[in-house]
Amino acid sequence: MLRTVADRLYENLWATLLRRIVTCVLAAVVGCGTYVLVSWLTVEARTCAEGVTESGGECVGVNGSGYSFGVAETAPVARRIAEENRRVEKRPHVTVAVMLPLQPDSRAERRQLRSELQGAFLAQYRANREPGKPLLRLVLANPGKDYARQGEVVPDLVRMSRSPRHNLRAVTGFNLSLDATRDAVRSLTDQQVPVLVARASADALANRESDDGTYDFKGLARIIPTNEQQAHALADFNGSRTDRQTVLVRDTRGDPYVRSLARAFQRLPEDGPPGPDDMTFTSEGVAEPGDVDNQFRPTVNTICNSGADTVYFAGRSTHLRLFLKRLAQEACVDRKFTVVSGSDAASLEYRMTREDWAELRDGSGKPRMTVQYAAPAHPDAWSTEVRRWQEKEKKRTGEKPSAEKAPRSLRDPLAELGRLREDIAAVQSSGEGMGPSRLSDSRTMLVHDGVYTAVEGIRGAKPTGRAAPSTEQVGRRWATMQAGNRVDGTSGRICLTKAGNPYDKPLAVVELKPGAKDARGTLGFVGLAWPTGERQPEDCVVRSSD
Amino acid sequence: MSRELGFEGLVEDGGFFPRLLGRNARGRDEKPLYGPDLPVVLLTGGPGTGKQRLLELLRDRFGRKVPVAYVDCADDQYAQEADRQASCRSAATEAMYGVALRMSEFEGPGGALPTPRFFAGMAAVAAGQRLRRRELEQELARYRVLLASGRAGGRGLGRFTRNVLTGYLSALAGVVAPAAAPLVGAALTEFLEKLERTGAEPVRAAYGDYPGAAGSAATGLRLLAHEFQQDGEERRFAEGFLFRALREDLDAAYSGLGATLTRVGRPAVLLQHANWPVGRALLESALGDRADGHHDGTVLVASERMAEPLFLADEPRSEELARYRPDHEEPPAWRRLPARGRAGQGVLLLRMPLLTTEHIQQQLQRHTGGAPEATRRRRAQGAVLRLSRRRPRMVQRLVEAAGELPELDNDRELLDEDAVFEGEPHPVRDVLLTELVLRQPPENLPVAHTGRWLDVLTQLSVAHTGDCARALLRSPELAEIAGGLTADEVRRYLRESGWPVCEWHFIGDFGLRQLLMSRLHGPPEDGADWRRNHGLLHAHYRDRTDSPDRGFGTTAAHALHHDLVAGGPESAVRHLAATFPAGGVGAEEWCDQLLALAHAPWPGGRDERHERMAVARIEGGRLERQLDELLHAVWLCAERTRPPDIAAADRMVKLLGELAREYAGAAPVLTDRAEGWGRRARNRQPLRPCSCAADIGEGS
């Protein structure tokens, strides 16, 4: 029976060369058809939204049509972005992608994300309302948790950069210094897509300054000082300490941010006899508490028994919170510690609950410790600094000068921040708003500055008579953005070196203020720290380092 | 019997014929054997070896997969069809028309194979004759079907059909009466001119090659038509050329892009009875063409009776013909060798496979339904094996006859059992003689002798040599039956029929001889003709002065051999006693005589030999009695239609030993024979080997 059927099939499908050819062609057609159908069905089944597919339980991809990746907190701002996109769609425009993990697990992270997206939208809002062409279309790119699926998104972005319909000219965002983040930046820059890092501070995500014009990442710029610069700025801000007084607590997980922060703290010049050895702990992830609290128990005990009063904490804000709580609980009553950390501590404010804040206060309501870190920006920085400058001038000359006379490095950001606040007010009062906004965590300001710098770069690179510059032109443009071509950001004036790094961009040294009883704590601005030790030059011309 | 029995290695997947045809019976590709130059495969084997069954099997099993045309060259329908329009047809052209027709009807891969060259040739032959207009139109209409193109038929062929056929027929429109015969010639001219003009390139090339045409197709066709009108060699040549045109048509249908895409395997022409004149003509022309370098891709398989066909026999050659024995070896790596002679270089002689003991066992098992009588089945199996000599047709019929597992003393008794022939039970002897002799008369036997052919053979079944046969046919008793047919003619016809030759027996095939003897003897109680013929031969040799005889030592011994059958053992025993070499002189010759005498067939009736080998019945001295016993023991041992008789062998050895002890002079020879004969008898080997027993062990 089987043999007969096989013979009949052979006879009808394979007996002659012609039949073989026809059979092969038909098989190929059927095969391709099945493949197309199956892929279509699978894609349909896996589609979260336009351009976004389900992958490993996440919705990964690029979208600019209002999809908020299922996160309620970011839905209003995503819709505003889509609205703005539709507004510019018919006019000459370029696209800038914001690459951030768009489906965070914790509430704190979701709020941070909202701040970041608000910053991006505010930059778009502003760019599309001031003179200048081309207009800006914004798309959100989700590389998955911890950038793990960046490999699925990067090809889409590269395709968009080559498509005249999308005209993608820069990718910004990048809020975490992880190996996957670096891979994404590497992959994008290798394929001539300009990248502007807004918030990731690891040294590994920056080009080293070079005299011969060869750089690790071609077409990369950043607007946030690296960890090393942050550490220097902090050290410079606090003056010299003796080694006996300091101790370094660092995370051993392979996290570029943590690694570079630890390295930066270790390199700080210190005098006197050596203090306690580095203390280590091992976390499971950026936002994973794990058993880190347990690991802190002996660490804190050791610190209490040492002579140290300053703790350099090279870790993520999730673990910093646990460390602070542990430090507060252990009875180091006779000493008041100063804990110094990096820019990720800016997220601390979101992670602290009322109870957490309460633990950081002693019985009389005073802070048990000083927590200090270099935030990339602080909304109070410019007004405070201008005021201080005025007071300082008054002391010097006996006459309080007008704020308009203040140095441009303080005055210009102050003006920009004012404009941003106006934009926020305008946006919030129009339509459905964009969700609650808060500038104190610096994320809105940083991402706003990132997107806006990208827009300025693109507009500056646009050859006359052309609707948009090429990606290469944008990538080359970063190196020229200094002096008159600088961008006045809300986080400071952005003057880029040839390697694409911000030149002497100030950091805001902030302190955690546990606040009064039953109240949430706040971040208090302490002062500005300059990575070079000197205030940014007035002309914002990059000085040679030697 | 299944149609494939014995042909497993030839027709099953991967076998010789699937590879030769390039396709197996299931339609799958097979790695083609030989090519592009192909041998003509001649199936050789006498009657009953399955040649026709094999060719029909090839036609039926492969005919749907590849174009296969089957022609029975002995079929007189070709001659009858040719006679209807004798001036422009012949039996050979009718056979070719049959092939072309079959090709045009092929419905397998690639569809019909058109034969425009053959059509053009036949059209020219017809147009060249003095036919009436209507006859000519009818004749052309008959061949027109050959132009039906297959699915792969090219546009060129369509154009050819349109231009040539319509143009030609319109040219004939003006021919109205037989009186206008010269006009037909004019029509031929016009047809040929049209052929030249309309560019039927393949046809032009084919007929431009006709000897004397000098590249002009018109001249070639004219010459063809002219030569066809002649008799003898010229017509034969024209027929041969038409066959070449037909094979070129098949080649053309198998070449080109369309054919590569749609055709599979190789086309085949199967010629049954190729030893008949039509087959011989086609075969010789194809072999001649191929020898001249006109190689073609048509598989030609033809059946022949003789192991080496006569038309190849006298060719001068230094290299053996290519042979293939499928039951013994793999297909040989055939190559055309000039050293094999002109026609012989193009043939591959395939000896028809005989059945194996396992085949016979299976067949018997099937027919007896697995009856539990193991001894009787073994006995029947031995009888079938010995009588059939593994010849498939004989096996088939004898197995049918042995279906009831009869009690057998002598194998010949099986021949009286019934087998079904044309729906009626008949003694298997008559069935086999009908199938093997009556239905397959020698092709050269004059029609006048056809009716007596079997009777003559029957009478001659007792003869040993040509001299015996001549003596019988010259005797007044048999002269009427012979009807002028001489013994030498009979011997030639037998050889041409493919029956084997044996130096000891006039009817060289053991099985056929037993059939004929059985027919001659008739029922056990009869045997008058049998005794008469033996008596005639006894008289013939007795009357001749005692002179050397090739088979029997002396003519006296030869006479006594027949007397042993016709008159009983007395004379033979007394002769043996009289010539007994008591002193040892002539002991070997005496032993040979004893053996020759004892090779007499048992005359039928109750077999007393077992008793007489134990207790002599002859009256006489001790020596006579001893020799009486010895003769009967040796007679039993030499009998080849019985299973080996160990008791007789032991008795023979014992008696020879006694004689050796008593007669010291003859002792060395007698002891030597006792040992040799005893060993052969126990080992189931004939005591005196001859050709008709050489190819087979005696079996159980």
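Bear in mind that the values in this text are calculations on the coordinates, not laboratory data. This one's a predicted model, so the numbers in the text were calculated from it and none came from an experiment. We place every Cβ from the backbone using ideal geometry, glycine too, and count neighbours over all the protein chains shown.
Highest-first packing order for the peptide set B:456-462, A:448-454, A:502-508, A:260-266 is A:448-454, A:502-508, B:456-462, A:260-266, based on the mean count of other beta carbon atoms within 10 Å. The aspartates and glutamates within cross-link reach of B:Lys654, meaning a Cα-to-Cα straight distance under 20 Å and a gap of 8 or more places when in the same chain, are B:Glu588, B:Asp592, B:Glu608, B:Glu611, B:Glu624, B:Asp628, B:Glu629, B:Glu639, B:Asp645, B:Glu662, B:Asp672, B:Glu675. For chain B, the Cys residues with no second cysteine's beta carbon closer than 4.7 Å are B:Cys73, B:Cys88, B:Cys468, B:Cys591, B:Cys637, B:Cys690.
In segment B:459-567, a dipole from Cβ-located charges (positive for Lys and Arg, negative for Asp and Glu) runs towards its positive end, and of B:Val462, B:Leu560, B:Phe506 it is B:Phe506 whose Cα lies farthest in that direction. Near B:Glu435: Cβ cut-off under 9 Å, other residues only, Lys/Arg at +1 and Asp/Glu at -1. The net charge is +3.
Panel order for B:Asp650, B:Asp75, by other beta carbons found within 10 Å of each beta carbon, from fewest to most: B:Asp650, B:Asp75.
For the Cα atoms of chain B, what angle does the longest principal axis make with the long axis of helix B:392-401, in degrees from 0 to 90, nearest 10? So the inclination is approximately 60 degrees. Looking only at segment A:246-382, where both bridge partners belong to it, what percent of the DSSP beta bridges are antiparallel (to the nearest 5)? Expressed as a percentage, antiparallel bridges in segment A:246-382 total about 10. Rounded to the nearest Hz, the phi-derived 3J(HN,Hα) couplings of segment B:602-619 under the Karplus curve 6.51 cos²θ - 1.76 cosθ + 1.60 (θ = phi - 60°) are 5, x, x, x, 5, 8, 9, 5, 4, 5, 6, 6, 8, 10, 5, 10, 6, 9, where x marks glycine and proline. Taking the DSSP bridge list for chain B and keeping only pairs wholly inside it, about 25 percent are antiparallel. With K and R counted +1 and D and E -1, the other residues having a Cβ less than 12 Å from that of A:Thr74 yield a net charge of +2.
DSSP beta bridges confined to the protein assembly as shown are antiparallel in about 40 percent of cases.
Neighbour counts of other Cβ atoms within 10 Å put B:Glu319, A:Glu349, B:Glu624 in the fewest-to-most order B:Glu319, B:Glu624, A:Glu349. Of interest is the spacing of the C-alpha centroids, which for segment B:427-449 and segment B:377-415 amounts to 21 Å. Dipole check for segment B:459-567: with +1 at the C-beta of Lys and Arg, -1 at the C-beta of Asp and Glu, and the Cα centre as origin, the magnitude is about 140 Debye. Taking the Cβ-Cβ separation of A:Lys400 and A:Arg129 as r and a Förster radius of 41 Å, what is the calculated FRET efficiency to the nearest 0.05? Efficiency, rounded to the nearest 0.05: 0.70. With respect to chain A, whose longest principal axis is taken over its alpha-carbon atoms, helix A:75-88 is tilted by about 70°. Beyond 30 Å in Cα-Cα separation lie the following of the pairs A:Lys366/A:Lys405; A:Lys145/A:Lys336; A:Lys133/A:Lys498; A:Lys90/A:Lys218: A:Lys366/A:Lys405; A:Lys145/A:Lys336; A:Lys90/A:Lys218. Between helix A:150-162 and chain A there is an angle of about 80 degrees, using the helix long axis and the longest principal axis of the Cα atoms. Within the shell defined by Cβ-Cβ distances under 12 Å, the residues around B:Leu520 carry a net charge of +3, with Lys and Arg each +1 and Asp and Glu each -1. Sorted ascending by nearby beta carbons within 10 Å, beginning with the fewest, A:Ser106, A:Ser491, B:Ser87, A:Ser177 become A:Ser106, B:Ser87, A:Ser177, A:Ser491. Contact order for segment B:357-438, expressed relative to its length and based on alpha carbon pairs under 8 Å spaced 6+ residues apart, stands at 25 percent.
For the residues of A:6-16, the average number of beta carbons from a partner chain within 10 Å of their own beta carbon is 4.
Per residue of chain B, the DSSP helices (runs of n ≥ 4 H) give a summed -39500 (n - 2.57) that works out to -15500 deg cm²/dmol at 222 nm.
Check cross-link reach from B:Lys65 to the lysines: straight Cα distance under 23 Å, and skip same-chain residues fewer than eight apart. List returned: B:Lys31, B:Lys51.
Using amide H atoms built 1.01 Å from N in the peptide plane, name the residues 5+ places from A:Val371, or on other chains, whose amide H lies under 5 Å from its own. Close amide H contacts, sequence-distant or interchain: A:Val339, A:Leu512. Distant-in-sequence amide contacts of A:Ser55, defined by a placed amide H-H separation under 5 Å and a gap of 5 or more residues or a different chain, comprise A:Val60.
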